[in-house]
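Just below is one structure, and these are the notes that go with it.
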Amino acid sequence: PPPAVRGGSCAAVRHPPLMQNTGAARGGKRAAPAGAGAGALQPAKLSRAELYKPPTSEELSQLKETEDLFHSSLLRLQVSRGGPGSRRWPRSAPLRLTDQAWLPKGVKVPFLQVPFSVKGRFRFVPPTELKVVGSYLLGTCIKPEINVDVAVTMPREIFQDKDNLNQRYHRKRALYLAHIAQHFSKEKLFGSVKFAYMNSNHLKPILLLRPQGKDEKMVTVRLHACPAPGLFKPIRFYPSKNNVRTAWFMEQSTPKEGATEPPTPHYNNSILCDTVLLSHLQFLSSAATDFPGMKDGLALLKVWLNQRQLSKGLGSFSGFLASMLVAYLLMKRKIVKMMSGYQVLRSTLQFLATTDLSVTGISLVKDADASLPVLDDFHQAFEVVFVDPSGLVNLCADMTASKYHQVQFEAKRSMEILDDRMVDGFQVLLMTAKPMLRAFDHVFHLKHVSKLQGACKKMQLLNELMDRGGNYVAAALPFIVSLLARGLAGRALLVAHSLPEIPEWPIDAEPPKHKDVGPLMFGLLFVPEFAASLLEKGPQADHPEALDFRTFWGEKSELRRFQDGSICEAVVWEADTVYQKRLIPEQIVKHLLKLHADIPESSICYMGALLELSVCPQVSGTGEEAMVSVVCSYDDLSRKLWNLKGLPLTVTAVQGVHPALRYTDVFPPIPMKPIYSSYNRIRTKHLLLPLEEKPCPAYIAPLKIVCHMEGSGQWPQDKGAIKRIKAAFHLQLAELLQQQHQLVCRPAVTHTDVYKDGYVFRLQVAYHRETLILKEVVTPEGMLKYQDTEESRQLELETLHLPYLTSSLHGLQQQHPVFGSTCRLAKRWVSAQLLSNNISEECVDLLVAFLFLHPAPFTPPSSPQVGFLRFLDLLATFDWKNNPLIVNLNAGLTGEQAIKNRFVAARSRLPVMFIATPKDQWSSMWTQEQPSAQILQRLLMLASESLRAVEEQLMDPLNSQDVKMVFRPPLEFYDVLIHLNPTQIPRHLESVDRPLKSFSRGVVKNSTSVKILFPVVDYDPVQCYLQELRDAFSDLALFFYDKHGGEVIAVLWKPLSFQPQPFKVSSMKGRMVTTLNSELVCVPNVEAILEDFEVLGEGLVKSVEARTEKWTI
Amino acid sequence: MAAAGERVAGAAPAGYTALAVKFGARQRSPHYLLVKEHQVREGADTAHPPRRTLFVLNVPPYCSPDALSGLFARCGRVQSVDICDKPGTGEKKEKLTSKFFNRKTVTGFQVAYVVFRKRAGVQAAKALSQEGPLLISTESHPVKTGISKWIASYAASVVDREELKAEVDAYMQDYDKKIAEEEAKAAKEEGVPDEEGWVKVTRKGRKPGLPRTEAANLRVLEREKQKKARKELLNFYAWQHRETKRERECPTLLLPLPLSLVSHTVAQRVRPFSFSGGYVQLPGNSWLGGSVNSLDSSLGGPLPPPVLARAAGIFCRRVCKS
């Protein structure tokens, strides 16, 4: 056993796992009261008579206290001054504080001693008391970190007068811990002995002890050193008092004459904290008695805080703070002891949501003492105020206002979620992690925090530095954040920062420096309407605030005349494209930090839009403008169609179905005009054909539009006849558009292609009764029945459901401007992983729509990147097997529970991925055929891997970011790779890594030409090739291809098809008959098939790489 | 067949002969066509007369009918080649009259029926297995694949407006004529009994009949049911009255309850009922007389922990215990 507990005074009634206790082993029941004796002077061995003598009243009261305070089953440790342990912890001779030679080599002082020289003497005297404090006793510890906090009371003798000054107390405390550490490091009982900073506050090192063996990860004992009670006079530590002398801190020999010393509230607070450890415990345990709900409620609260990354680091909203807050609410009777854990959680969140502690602080003091400082004093010294029962300590001293606002925001959001009946609150609030990367729209890193030193100098924060013991990160952070918050006032809902966190370190290492907190991360949450505005309008030029505005924005501010005639100060940011506009906050952040804090742009790593540009590169920006001009052109065409004269029936509706018309096409079409010389011209038919010897012409995607014709008795009621009439309409539409609007058209049986503004629209006439007619079946009895057929289903999808989906999503884009871009990123990722053929585009659109319509616990994304990260997370974590994904488009659903019930009842018959929308509650039409279970499995795996990889990159600002990595598919998994000839890939330029060599594709950008030969439309040799491959070999292999410029078709043999099968007439495709064990069996003719790959793709296939080692027949 | 069996790769099941074919001279590994004499019952398949027809399995995707007839031309004059998806559908196919509509192309590996002029052709074809691999694409008859094929099919997809218009007009004229004839016929038959004395009722005319659709039928049935319910006399007899009363007071319930629910809630409150499977039968008449102990043994076990226990993985209150 460790010396600390050897004194025979262990009163633990149950044995603690980490420290063997001799008392319990020796005396059973009676040992406990005896050991708990306050005198603690008993010899190690008690005689039998002594052991069984009735307890004295003193012992009884002690026992009572133990039971009351510690619920009888808790660990209580005391070290007697005269116990044998003291022999092994000898008192040391008093030495100067700076004389640290007595420390052995294996232990370093866990304190940054800057400046090094300080007065005072230190010697080691064994602690007067060891007591367990904190959450362990209260039973509110939660996994994964179980900490047992032990307060080690340093005896009065080691302190001197004026130890409150100039970090002398702190240094003695550190030396004291170092001394203990030195002893414990030799003990075999401990698996590890380490130092850490309490809540990453470098003035407050603590000692971490972990048991040996497999329990090492389970529990940590944290030793806090604290002064003997009554050592310091509280009045010395009021927030307005100074305890760090400027002369000492600046290492000047003599203090400046007449200069007043600034108050050091944070420094004072750090000492006061130590003095109240025990009283806080008593306070909390009195709150927790007869209050079973508190334990549950606190556990829930801690999980809630942990999931939001609020509970660790300097200035965190720690679990202890949460306990104190619950106790406060109990005191104010906002919580009563009857409440359950859930009610405690709810009341606490409600309180947090409605109270701004940075404006109106709260205090736990019961009877106000006139001598104590008032709340206003605290407000002047600290950003967030929550005063403890003693009236001296601010529990939120290190917290920045921004952090509290984040807590408040989260609480508000959580209350909304708890009140929303549609959401599973438990899952969303407590089981979903909210890392900053996924919670904030833009994040940026301050790569080198050492730059904050310069910032402190620029902002003249010497007093704060002194107060914080030289920690420039803590000193500068509140100022930096409030600077940013002011600069982004209209744009950002929330400006948050990550909490500086310093990891623990071994005792033989030097303590971490301030810069070891690593890069600081900041997160911005936008107001979507204003985040991208170009203008920052200031006060009128003649107002007094104008000067303030000018100094804040520096040179960027200029006088401008506005339409209402006023002349105002204003800042105008430069941005041409939507993409650049989204990055205006980046300009602001960089400008302000440079101007006011001297932080160069190079040390800011802005991660707002890394993904967007790198993946969907267009000539200018991200192609969002291109999409808008497509939609404009489409609107114009639909107007022209409406007003077309000379049609026998009028047009009742024109609906777009192409993804570009709902802003979700990965590569929106660009206006093109053909260069005749690269084509085979057929003048008689006014069209162009591709030439075999030239590179394949650029792919021109036809934009599908459905044109509904008025119903009339003139429509025939027969399948074949309707098709003919539709063909006749296509012919006539082409003719009329050419006559009345001079548009070049090319009619076909099923559609008419119209060349307009450089785009090609594909018009498709629809008649609303046609699906019904296709469904008609006449039974033998002559009864008419309606039955779904493949053809009718297809037509219904194209002319009814797809237009509806397109218009709904178009509406969603109007509400959430980044919906389209998020979709495009998601689709690009799916196709880059070679799976675009295995999951429908509409399905991906709906998944992304879900993120915007049901964002809980987040807010709807305001940048494509965060949307994409959440898309990956949704794919990877959603429980597709047991839950339907309900996308409430246009808020048209009310009976969600009914869908869930029906889903559960019919699970086995439903598609693996079930997506319900208001217009499609039971069939999940977009996922009916795809993806298959295997493909979904692979998709989920890829999603979680990609998410991990991309988040790792985004969290690491010091390395170069290659976020494209997740857009490069792993190919080692496939059996055969068919390499394609880049000249014949029409979309080669769309590939993830832009090819070095490009080919003339026979088009130029132009949208004005009118009279031209009709360009080559919808001609993609790779797709033709894939179609042929799938037709021929679909029962033997799967083919994967990135339709956006992939150079490789990956082939995977179906494992079952390689099993020898008995001969069957219907399954001879591509197989051959052979003898196996004198039996005739069929096996795939692999060599011939590999040659077929080349034959079928003559001119397109460069080589076929067969990885023969991967399969056996 | 025995001959084919010697080469392991080209083995063939009983009745078939394996013929090696390659696309061109450059290819090394051949595919194997399985051929046999087409056999059907007399007269069943007129398009593919038995004995003169060779049934071919496993025809590679690039092998068009023309290429196939070229392949077998050396065995005798080929009368026709039919290529289809799967065997057996050799019934008289609808002759495709339209150039634009209902065009179906067969893709992938196919089966073919090669009809020779003479019976000898079939035997000669079978004998080809002795020779080396046959070539599908030769210099004299090259088969287009890849880029050149796709360009050709793109060119073919462009329709001629005049031609299409003419075809549509012709079809619609026929269709209109047909409809007009039908209507005229129907008008003539309106109200006139046929030979057996039946009068056909249509939706037109003075007394329109109901449409014969499934929906209309269901509607009628529903209406009938309601009518019947209205007519039925309830509690007419004394015993009916008694039954209803008893039913109202102690209803017989058959509740579909999940077993998990049964064992925890129902068991606690409603002990004295028997149950089987997932159904709890609560007796109506024998309210007091049910067996009391039947449930006790099977329903032991603790109640489910409160909902909060879902978070049990996160909480840890008793580190010591473990």
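The values are calculated or read from the model by the stated rules, or taken from the named source; none is laboratory data. No experiment lies behind these values; they were computed from the predicted model shown. Positions of Cβ are backbone-derived with ideal geometry, glycine not excepted, and every protein chain shown enters the neighbour counts. Accessible surface areas use protein heavy atoms only, side chains included; no ligands, DNA or RNA. Shrake-Rupley method; radii C 1.70, N 1.55, O 1.52, S 1.80 Å.
For the range B:132-146, the criterion of being in a loop (DSSP other than H, G, I, E, B), at the interface with chain A (Cβ under 8 Å from one of its Cβ atoms) and open to solvent by less than 70 Å² (accessible area, probe 1.4 Å) is met by at least one residue. Scanning the range A:684-725 for residues that are touching a residue at least 24 places away in the same chain (Cβ under 8 Å), open to solvent by less than 30 Å² (accessible area, probe 1.4 Å) and not in a strand (DSSP E or B) yields A:CYS696, A:PRO697, A:ALA698, A:ILE700, A:ALA701, A:PRO702, A:TRP715, A:ILE722.
A search for C-beta distances below 7 Å between a residue of the range B:208-225 that is within 21 Å of A:GLU776 (Cβ to Cβ) and any residue that is polar (S, T, N, Q) and surrounded by 11 or more Cβ atoms within 10 Å (Cβ to Cβ), counting only pairs 6+ apart in sequence or on different chains, returns B:GLY209/B:THR202. The residue that is farthest from the other protein chains (Cβ to nearest Cβ), counting only those in the range A:1039-1076 that are touching an Asp or Glu at 6+ places or on another chain (Cβ under 9 Å), at pLDDT below 85 and closer than 19 Å to B:GLY108 by Cβ, is A:SER1057. Restricting attention to the range A:142-172, the residues that are more than 14 Å from every other protein chain (Cβ to nearest Cβ), part of a loop (DSSP other than H, G, I, E, B) and more than 23 Å from A:ASN269 (Cβ to Cβ) total 1. Scanning the range A:446-481 for residues that are of a type outside the set (D, E, K, R) and outside any helix (DSSP H, G or I) turns up A:LEU446, A:HIS448, A:VAL449, A:SER450, A:GLN460, A:LEU461, A:GLY469, A:GLY470, A:ASN471. Scanning the range A:275-328 for residues that are assigned to a loop (DSSP other than H, G, I, E, B) and within 31 Å of the chain's Cα centre (by Cα) returns A:ARG308, A:GLN309, A:LEU310, A:SER311, A:LYS312, A:GLY313, A:LEU314, A:GLY315, A:SER316, A:PHE317, A:SER318. Applying the selection to the range A:308-337, what residues are within 23 Å of A:GLY523 (Cα to Cα) and open to solvent by 30 Å² or more (accessible area, probe 1.4 Å)? Answer for the range A:308-337, where residues must be within 23 Å of A:GLY523 (Cα to Cα) and open to solvent by 30 Å² or more (accessible area, probe 1.4 Å): A:GLN309, A:LYS312.
The residues listed here are B:GLY15, B:GLY10; of these, the one that is within 26 Å of A:LEU1029 (Cβ to Cβ), within 13 Å of chain A (Cβ to nearest Cβ) and at pLDDT below 85 is B:GLY10. Condition check for B:ALA186 on (1) surrounded by 12 or more Cβ atoms within 10 Å (Cβ to Cβ); (2) within 11 Å of chain A (Cβ to nearest Cβ): one failure, at (2).
Quick check, is A:VAL1004 within 14 Å of another protein chain (Cβ to nearest Cβ), more than 29 Å from the chain's Cα centre (by Cα) and either exposed (fewer than 14 other Cβ atoms within 10 Å of the Cβ) or within 30 Å of A:LEU743 (Cβ to Cβ) (or both)?
Values: within 14 Å of another protein chain (Cβ to nearest Cβ): no; more than 29 Å from the chain's Cα centre (by Cα): yes; either exposed (fewer than 14 other Cβ atoms within 10 Å of the Cβ) or within 30 Å of A:LEU743 (Cβ to Cβ) (or both): yes.
Spelling it out, it is not the case that A:VAL1004 is within 14 Å of another protein chain (Cβ to nearest Cβ), more than 29 Å from the chain's Cα centre (by Cα) and either exposed (fewer than 14 other Cβ atoms within 10 Å of the Cβ) or within 30 Å of A:LEU743 (Cβ to Cβ) (or both).
Which residues, counting only those in the range A:347-394, are surrounded by fewer than 16 Cβ atoms within 10 Å (Cβ to Cβ), among the acidic types (Asp, Glu) and either part of a strand (DSSP E or B) or touching a residue at least 40 places away in the same chain (Cβ under 8 Å) (or both)? Correct list: A:ASP356 only. Here A:GLY191 meets each of (1) within 29 Å of A:GLN282 (Cβ to Cβ); (2) in contact with a helix residue (DSSP H, G or I) (Cβ under 6 Å, 6 or more places away or on another chain) with one exception, condition (1).
Give all pairs with beta carbons closer than 8 Å in which a residue from the range A:1014-1031 that is at the interface with chain B (Cβ under 7 Å from one of its Cβ atoms) and closer than 29 Å to A:TYR676 by Cβ meets a residue that is at pLDDT below 90 and surrounded by fewer than 17 Cβ atoms within 10 Å (Cβ to Cβ); count only pairs at least 6 apart in sequence or on separate chains. Hits for this filter: A:CYS1024/B:SER153.
Considering only the range A:611-627, I want to know if a residue exists there that is out of contact with any Gly (no Cβ under 7 Å at 6 or more places or on another chain), within 14 Å of another protein chain (Cβ to nearest Cβ) and under 22 Å from A:LEU743 (Cβ atoms). Checked the range A:611-627: no residue is out of contact with any Gly (no Cβ under 7 Å at 6 or more places or on another chain), within 14 Å of another protein chain (Cβ to nearest Cβ) and under 22 Å from A:LEU743 (Cβ atoms).
Might you check whether a residue that is within 14 Å of chain B (Cβ to nearest Cβ) and open to solvent by 10 Å² or more (accessible area, probe 1.4 Å) occurs anywhere in the range A:962-978? Scanning the range A:962-978 turns up no residue that is within 14 Å of chain B (Cβ to nearest Cβ) and open to solvent by 10 Å² or more (accessible area, probe 1.4 Å). Identify, please: which residue in the range A:114-141 is within 25 Å of A:ILE502 (Cα to Cα) and open to solvent by less than 40 Å² (accessible area, probe 1.4 Å) and is, among those, nearest to the other protein chains (Cβ to nearest Cβ)? Looking at residues that are within 25 Å of A:ILE502 (Cα to Cα) and open to solvent by less than 40 Å² (accessible area, probe 1.4 Å), I get A:CYS141.
Among residues of the range B:152-181 that are within 10 Å of chain A (Cβ to nearest Cβ) and among the basic types (Lys, Arg), those with a Cβ under 7 angstrom from a residue that is surrounded by 12 or more Cβ atoms within 10 Å (Cβ to Cβ) and in a helix (DSSP H, G or I), sequence gap 6+ or separate chain, pair up as B:ARG161/A:LEU731; B:LYS165/A:LEU731.
The residues of the range A:417-429 that are touching a residue at least 24 places away in the same chain (Cβ under 8 Å) and surrounded by fewer than 22 Cβ atoms within 10 Å (Cβ to Cβ), listed by number, are A:ILE417, A:LEU418, A:ASP420, A:MET422, A:VAL423, A:VAL428.
The residue pairs whose first member lies in the range A:648-661 and is within 18 Å of A:ALA727 (Cα to Cα), whose second member is assigned to a loop (DSSP other than H, G, I, E, B) and of a type in the set (Ser, Thr, Tyr), and whose beta carbons are closer than 8 Å, counting only pairs six or more residues apart or on different chains, are A:LEU649/A:SER712. Scanning the range A:523-533 finds no residues that are touching a His at 6+ places or on another chain (Cβ under 8 Å) and β-branched (Val, Ile, Thr).
Here A:SER924 qualifies as over 28 Å from the mean Cα position of the chain (by Cα) and under 26 Å from A:HIS854 (Cβ atoms).
Considered as a group, the residues in the range A:1077-1113 that are part of a helix (DSSP H, G or I) and open to solvent by 70 Å² or more (accessible area, probe 1.4 Å) include one that is nearest to the other protein chains (Cβ to nearest Cβ), and that residue is A:GLU1087.
Got a sec? Which strands (runs of 3 or more DSSP E) wholly within the range A:747-804 have at least 1 residues that are more than 11 Å from chain B (Cβ to nearest Cβ) and basic (Lys, Arg)?
So the answer is A:752-756, A:759-766.
Across the range A:665-680, a minimum of one residue is classified as out of contact with any His (no Cβ under 8 Å at 6 or more places or on another chain) and of a type in the set (D, E, K, R).
Which residues, taken from the range A:201-217, are open to solvent by 10 Å² or more (accessible area, probe 1.4 Å) and in contact with a Gly (Cβ under 7 Å, 6 or more places away or on another chain)? Once the filter is applied, which keeps residues that are open to solvent by 10 Å² or more (accessible area, probe 1.4 Å) and in contact with a Gly (Cβ under 7 Å, 6 or more places away or on another chain), the range A:201-217 yields A:ARG210, A:PRO211, A:GLN212, A:GLY213, A:GLU216. Of the residues A:ASP975, A:ASP962, A:ASP956, the single one that is of a type in the set (D, E, K, R) and touching a Phe, Trp or Tyr at 6+ places or on another chain (Cβ under 9 Å) is A:ASP975.
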